[in-house]
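To keep things clear, I will list the structure first and then write my remarks on it.
The values are calculated or read from the model by the stated rules, or taken from the named source; none is laboratory data. On a predicted model such as this, the values are computed, not experimentally measured, just so you know. Cβ: placed from backbone, ideal geometry, glycine included. Neighbour counts: every protein chain shown. Accessible surface areas use protein heavy atoms only, side chains included; no ligands, DNA or RNA. Shrake-Rupley method; radii C 1.70, N 1.55, O 1.52, S 1.80 Å.
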Amino acid sequence: MKSRQVWMMLAVTLLLVASWGRVWADTSDVKGAAPVIVGKSGKHCKDDPHCFNRYHFAIKPVARVNPEQLFVLETRDALDSDLTFDSTAQDVAAANLNLVHPLTGPVYIEGARRGDALAVTVVDIAPDDFGYTTIVPGFGFLRDVFRDPFIVHWNLTRLEARSKDLPGISVPMNAFMGTVGVLPGEPELETWLKREKALADAGGAALTPQPVDALPADLCGPNGTAKDKCVRTVPPRENGGNLDTKQTVVGTTLLFPCFVDGCGLFAGDVHFAQGDGEVAGTAIEMGAKVSLQAKVIPGMAALLTTMHFEGGSQLKSLAPGSFYAVSGLPLKPEGELPVFDTYLGGQKIAPLANLSEDVSLAARNATLNMIDFLVKTKGLSREQAYVLVSVAVDLHIAQLVDIPNLGVTAILNRDVFKPQ
């Protein structure tokens, strides 16, 4: 038996000696098909032929991909900013909101036609190293309360976001595309222009076309051929767009109606993490590399009046392990007119302390209650608390039937409180 073992050892030794210097392959050397890369170039969107910041059906595709082919979009932060770890509140105040949102694309999906639907699966999101959350004067859910600029700088990994501006806070990565969608067709564009102009004329909050800093410049800029027809990217619409839907994380599939041949898919404004509501106006904003696959569903656009999405266990994964919640009701001080109701007039609204069936006011009440709780129990400034609510608190509708007081809850993920 010992003799046999000796001979076996000698045979193995001879085999190793004979193969010395030979390169042995392993699974790392087995490659799949290379993805299509839609890269970014230049410092800002205006320097990048793959970037645009307005919607119009005539924007030309920058790449073409086959259905189910993997492709990667390199994206910019929502403000197309120069913000860094050294940026100050004054830098935030100087932000040019005409640059919102720099979007990568559009991508032409082969075989897709107007009337089809596009199923877009999020395969991966690779974050940049730096992110930020800002309070921009005049913007955000509580813009009448928080009037001064503010910034939180975040160090990002695939595990968490941490900041010297919010010590003891660790926000887990739950990245998604804040803005993703498809180009409108000519009929959709005309509908949007008509209804948003009517709202603006009535005094409502609506952004009409703004050619200054609009891209592509030859189409949407001050001398562009469609400068009065290129719409802003701030509101979500039937084409998707600035959805800010935190559940559309890796593994989910988003469904869009196609309004132009090829669909004209685009993405940008990627968020490292966000609370439902994004109340400060920004989440943890970042640039990222987004890997996607798209599938064409013939004739399904008729079933999609807006973006739909589906997934598996992602909602369970997003749920906090520990939470604290506060409620909100449609209550306010007598004499106060909520900022979102000003265009309706204040003769009846302002004197009331209680409004009927007003979800926005209930959400405002819940947000303020949570900010007060964080200030009193966690020692945060009101600005820090507002930012934390924007990135780690979810606003949920509790009920819509108990008139006059509809209910909204603000649910805090207590898991974010960790020592440095």
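Couple of notes before you dig in:
- Averaged per residue, the chain has 48 square angstrom of accessible surface, using a 1.4 angstrom probe with ligands and nucleic acids left out.
- Between the Cα long axis of helix 2-18 and the first principal axis of the chain there is an angle of about 70°, rounded to the nearest 10.
- Across segment 40-50, computed HN-Hα scalar couplings (Karplus, 6.51 cos²θ - 1.76 cosθ + 1.60, θ = phi - 60°) run 10, 9, x, 7, 9, 4, 5, 8, 10, x, 9 Hz from first to last residue, x flagging Gly and Pro.
- With a simple spin-label model that places each label point 7 Å from the Cα along the Cα-to-Cβ direction, the separation between residue 247 and residue 327 comes to 2.3 nm.
- Radius of gyration and maximum dimension Dmax of the chain, Cα, Å: 25.2, 104
- Evaluated with a Cβ-only charge set (Lys, Arg +1; Asp, Glu -1), the chain carries a dipole of roughly 1060 debye about its Cα centre, given to the nearest 20.
- Equivalent ellipsoid dimensions for segment 101-149 as semi-axes, Å, which come from the Cα gyration tensor, largest first: 36, 17, 10
- Rounded to the nearest 20 debye, the dipole magnitude of segment 48-129 is 680 debye, with +1 charges on Lys and Arg beta carbons, -1 on Asp and Glu beta carbons, and the Cα centre as origin.
- Relative contact order %, segment 152-203, counting alpha carbon pairs below 8 Å whose residues are six or more apart: 20 percent
- On Cα atoms only, tilt of 359-378 relative to the major axis of the chain in degrees: 70 degrees
- Extension gain for residue 113-residue 403 works out to 99.8 nm (0.36 nm per residue, less the C-alpha to C-alpha distance).
- Here the Debye sum runs over all C-alpha atoms of segment 46-172 as equal scatterers in vacuum, and log10 of I(q)/I(0) at q = 0.15, 0.16, 0.18 Å⁻¹ comes out as -0.92, -0.99, -1.12.
- Label positions at residue 27 and residue 128, each projected 7 Å from the Cα along the C-beta direction, are separated by 3.4 nm.
- For the chain, averaging the sequence separation of C-alpha pairs within contact (under 8 Å, six or more residues apart) and dividing by the residue count gives a relative contact order of 20 percent.
- Label-to-label distance, residue 157 versus residue 34, with points set 7 angstrom from Cα along the beta-carbon direction: 3.2 nm.
- Taking the Cα centre of segment 343-420 as reference, the dipole from Cβ charges on Lys and Arg (+1) and Asp and Glu (-1) amounts to some 300 debye.
- Relative to the current alpha-carbon distance between residue 347 and residue 199, full extension at 0.36 nm per residue lengthens the span by 51.3 nm.
- Segment residue 69-residue 276, length gained on full extension (0.36 nm per residue, minus Cα span): 71.4 nm
- Residues in segment 310-331 that a label on residue 396 would reach, taking backbone N under 11 Å of a point 7 Å out along Cα→Cβ: 319-320, 323-326
- Segment 372-420: Rg to Rh, with Rh as the Kirkwood radius over Cα pairs: 1.09
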